Amino acid sequence: MKRILALASGRGSNFQALCDASKKGILRADIVGLGVSRLGTGAAQIAMSAGIPVLIQPSDQAIIDFFREERVDALVLAGYMKILSSELIEALRGKDGHSRIVNIHPSLLPAFPGMNAYWQAYNAGVPETGVTVHLVEREVDTGPVLDQKSFRIDDLRSVEEVEARGLEIEHGLYARAIDRFINEGKLDVTRTH
Ligand code: GRF
């Protein structure tokens, strides 16, 4: 069974979805730890009640040590608000040269990188937006795309509706994309953006 370390800063709905998918066997991996940028967040509560070890404000070195000692296969970001250093990205890079860090971003990258991407799309008046699962490279919100899914927003009446629809999609897409990446090595390296 593959092993995952997650990092999350907030509410933790994606982290919860990954825990559920792991239990159901949709994500064929054990979540062996969660790093948080502070305690008292939704994600930290979810991990503690599931008996998953929590690392509080882990340094790069603490993440690297955990990765090696616990034989972790992938570092998964689930709403982590800290930008990862290039040293960390390089230290975890796989022998095949690919990043072993996965992120979910709430837009169809390369459109709307950065913060509040659902809000950015809603305000721009685009008819559709989406969700992207990608490997993390040094430039923020770049890196090979593992999966993307779009949805229409021209019939939605508030940014809250856009976010609710988007999160529903995120929760299904993320677990499946991580599963394919770590268990089947499915990565089309030509599809960078
Ligand atoms: C999600 O929209 C995710 O795409 C983005 O941050 C948000 C985290 O939400 N990276 P949650 O904490 O998983 O509920």
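Considering only segment 97-193, give the strands (runs of 3 or more DSSP E) lying wholly within it that have at least 3 residues that are within 12 Å of the ligand (Cβ to nearest atom).
Values: elements: 101-105, 128-135, 145-152.
Strands (runs of 3 or more DSSP E) meeting the threshold: 101-105, 128-135.
The C-beta contact set for segment 151-173 (first residue more than 18 Å from L109 (Cα to Cα), second residue open to solvent by 40 Å² or more (accessible area, probe 1.4 Å) and within 14 Å of the ligand (Cβ to nearest atom), distance under 6 angstrom, 6+ apart or interchain) comprises V159/W119; V159/Y122.
For segment 95-124: of the residues being more than 17 Å from the chain's Cα centre (by Cα) and at pLDDT 95 or above, which is most open to solvent (accessible area, probe 1.4 Å)?
Filtering segment 95-124 down to residues more than 17 Å from the chain's Cα centre (by Cα) leaves 95-97, 111, 119-124.
Now drop any that are not at pLDDT 95 or above, which leaves 111, 119-124.
Working: A111: 42, W119: 143, Q120: 50, A121: 0, Y122: 76, N123: 94, A124: 61 Å².
So, considering only residues that are more than 17 Å from the chain's Cα centre (by Cα) and at pLDDT 95 or above, the one most open to solvent (accessible area, probe 1.4 Å) is W119.
Scan segment 47-59 and give yes if some residue there is under 21 Å from E90 (Cβ atoms), in a helix (DSSP H, G or I) and polar (S, T, N, Q), otherwise no. No: segment 47-59 contains no residue that is under 21 Å from E90 (Cβ atoms), in a helix (DSSP H, G or I) and polar (S, T, N, Q). Applying the criterion of being away from the ligand (no atom under 11 Å from the Cβ) and β-branched (V, I, T) to the residues of segment 44-60, the residue that is farthest from L84 (Cα to Cα) is I52. Cβ separations smaller than 7 Å between residues 6+ apart or across chains give the following pairs from segment 5-16 residues that are over 10 Å from T41 (Cβ atoms) to residues that are of a type in the set (S, T, Y) and open to solvent by less than 20 Å² (accessible area, probe 1.4 Å): N14/Y174.
Of all residues in segment 1-43, those satisfying the criterion of being of a type outside the set (A, V, I, L, M), under 15 Å from the mean Cα position of the chain (by Cα) and near the ligand (Cβ under 9 Å from one of its atoms) are S9, G10, R11, G12, S13, N14, F15, Q16.
Filter segment 77-94 for residues that are touching a residue at least 12 places away in the same chain (Cβ under 8 Å), more than 16 Å from the ligand (Cβ to nearest atom) and either in contact with a strand residue (DSSP E or B) (Cβ under 6 Å, 6 or more places away or on another chain) or within 19 Å of V32 (Cβ to Cβ) (or both) and give the result. Hits for segment 77-94 are L88, A91, L92.
If I filter segment 61-76 for residues that are of a type in the set (F, W, Y) and within 16 Å of the ligand (Cβ to nearest atom), do I get at least one hit?
no
The values are calculated or read from the model by the stated rules, or taken from the named source; none is laboratory data. If you're wondering where the values come from, they're calculated on a predicted model, not measured in any experiment. Every residue, glycine among them, receives a Cβ derived from its backbone with ideal geometry; neighbour counts consider all protein chains shown. Accessible surface areas use protein heavy atoms only, side chains included; no ligands, DNA or RNA. Shrake-Rupley method; radii C 1.70, N 1.55, O 1.52, S 1.80 Å.
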